[in-house]
1. I'm trying to understand the selection: among the residues of the range 106-122, which are in contact with an Asp or Glu (Cβ under 7 Å, 6 or more places away or on another chain) and touching a residue at least 40 places away in the same chain (Cβ under 8 Å)?
2. With respect to residue 18, is the statement that it is out of contact with any Phe, Trp or Tyr (no Cβ under 8 Å at 6 or more places or on another chain) and of a type in the set (D, E, K, R) true?
3. Give 101, 117 a once-over and let me know the one that is open to solvent by 20 Å² or more (accessible area, probe 1.4 Å) and among the polar types (S, T, N, Q).
4. I'd like the residue in the range 139-153 that is open to solvent by 40 Å² or more (accessible area, probe 1.4 Å) and out of contact with any strand residue (DSSP E or B) (no Cβ under 6 Å at 6 or more places or on another chain) and, out of all such residues, is nearest to residue 128 (Cα to Cα).
5. Quick one: how many residues across the range 107-166 are aromatic (Phe, Trp, Tyr) and either under 15 Å from residue 48 (Cβ atoms) or part of a strand (DSSP E or B) (or both)?
Amino acid sequence: DLEVRGGRTGFPEALYAELSRLPGVAVASPVLELDAGLASGERTLRLYGIDPLRAPLVQPALFGDAPERRIGLLRPDVVYLSAAAAQSLGVGEGAKLRIRSGLKVVEFEIGGVLPASILRGVAALVDIATAQWRLDRLGRLNRIDLRLAPGADRESVRERIAALLPPGVHVASVEAAEEA
């Protein structure tokens, strides 16, 4: 229903806990979203760090075709590639994906390839805790997806959220965020 988004540096993850307790918010799902450089060269990959236990409550189709993938994503250093990423990189399940993070290279195991209907573009899903830890972003988020409680007034909840946000962070309806 609503999306809270910050810039590249994001915002403190404490905001997630604060927003999840607000009246009118049924589910909050934290996201760390970033463009990750591949160690092999100039290519980049859109990496989405998600909570595999919370994200399906906001986006049920995410694991609808294979619920066991949620558990697989909880394994340390596992990523799931989009179909476009697997094709573009010429890799699949069991292969290694090497990503640059600052001056170091972080290696992930490819746990599988997602159907094109679930994740578009050259992208990958990883557990949010793994992404924060391995990519030196502990305590940071740059997006929170929110599903509102039945009967909650979206504009009223949006205004309450906006009043709590630090500079550079904004809240919008999913439709407005997609249009932008």
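The values are calculated or read from the model by the stated rules, or taken from the named source; none is laboratory data. Owing to the predicted nature of the structure, the values given are computational and were not obtained by experimental measurement. Glycine also receives a Cβ, built like all others from the backbone with ideal geometry; neighbour counts cover every protein chain displayed. Heavy atoms of the whole protein, side chains included, go into the accessibility calculation; ligands, DNA and RNA do not. Shrake-Rupley method; radii C 1.70, N 1.55, O 1.52, S 1.80 Å.
1. Residues satisfying the conditions are 111, 112, 115.
2. Criteria met by residue 18.
3. Testing whether each residue is open to solvent by 20 Å² or more (accessible area, probe 1.4 Å) and among the polar types (S, T, N, Q) leaves just 117.
4. In this case the residue turns out to be 140.
5. 1
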